[in-house]
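Right, one structure below, let's go through it.
The values are calculated or read from the model by the stated rules, or taken from the named source; none is laboratory data. Computed from a predicted structure; not experimentally measured. Don't worry about glycine lacking a Cβ; one is built from the backbone with ideal geometry, like all the others, and counts go over all protein chains shown. We work out accessible area using only protein heavy atoms, side chains counted, and drop any ligands, DNA or RNA first. Shrake-Rupley method; radii C 1.70, N 1.55, O 1.52, S 1.80 Å.
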Amino acid sequence: MADTATGMPLVPTDPELACPIGPVVDIVFSRWTTPILWTLNMHGRQRFVELERRITRITPKVLTQRLRQLERDGMVVRTYHPEVPPRVEYEISELGRSLAPLFAHLTEWATTNLDKVERARHEYDTDSPQ
């Protein structure tokens, strides 16, 4: 979009509008989303209890909420099997799987840079007045 008087592009003043990846960060990097997607990508279709066992610090309530949100966002597919007892399975969708290159880049970045982050934190904590 451009200013009609000057023809110059309009620059959003709202930081949320100025950052085009903000909505992606909200979807993908909400707490627990990454471990859930990572687990489903690495281990395939999982039942709720299997996810709970693999992601040990998540509560059942939060796991349920995150799975529902991921299903709503199209990142996870939920399959209900009407048997006795009922069985529900979750798997990463093609849309969710399309994030694999992003996760690979982040893993590479972490391998290369997390030690630098830790050193910077240590220096900051050591040098900063209390």
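Annotations for the structure displayed:
- Of note, ASN41 satisfies the criterion of being polar (S, T, N, Q) and either in contact with a Leu (Cβ under 6 Å, 6 or more places away or on another chain) or open to solvent by 40 Å² or more (accessible area, probe 1.4 Å) (or both).
Results for (1) surrounded by 10 or more Cβ atoms within 10 Å (Cβ to Cβ); (2) touching a strand residue (DSSP E or B) at 6+ places or on another chain (Cβ under 9 Å); (3) assigned to a helix (DSSP H, G or I), shown as yes or no for each residue.
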| residue | (1), (2), (3) |
| --- | --- |
| GLU83 | no, no, no |
| TYR90 | yes, yes, no |
| PHE103 | yes, no, yes |
| LEU106 | yes, no, yes |
| TRP109 | yes, no, yes |
| GLU118 | yes, no, yes |
| ASP125 | no, no, yes |
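- Which listed residue, of LEU114, LEU99, is within 21 Å of THR34 (Cβ to Cβ), among the aliphatic types (A, V, I, L, M), out of contact with any Leu (no Cβ under 6 Å at 6 or more places or on another chain) and surrounded by 12 or more Cβ atoms within 10 Å (Cβ to Cβ): LEU99
- The set of residues from segment 44-78 being of a type in the set (A, V, I, L, M) and either in a helix (DSSP H, G or I) or open to solvent by 70 Å² or more (accessible area, probe 1.4 Å) (or both) comprises VAL49, LEU51, VAL62, LEU63, LEU67, LEU70.
- GLU89 vs. criteria charged (D, E, K, R) and farther than 15 Å from ILE27 by Cβ: yes
- In segment 18-35, the residues that are under 8 Å from the mean Cα position of the chain (by Cα) and open to solvent by less than 70 Å² (accessible area, probe 1.4 Å): VAL25, ILE27, VAL28, SER30, TRP32, THR33, THR34, PRO35
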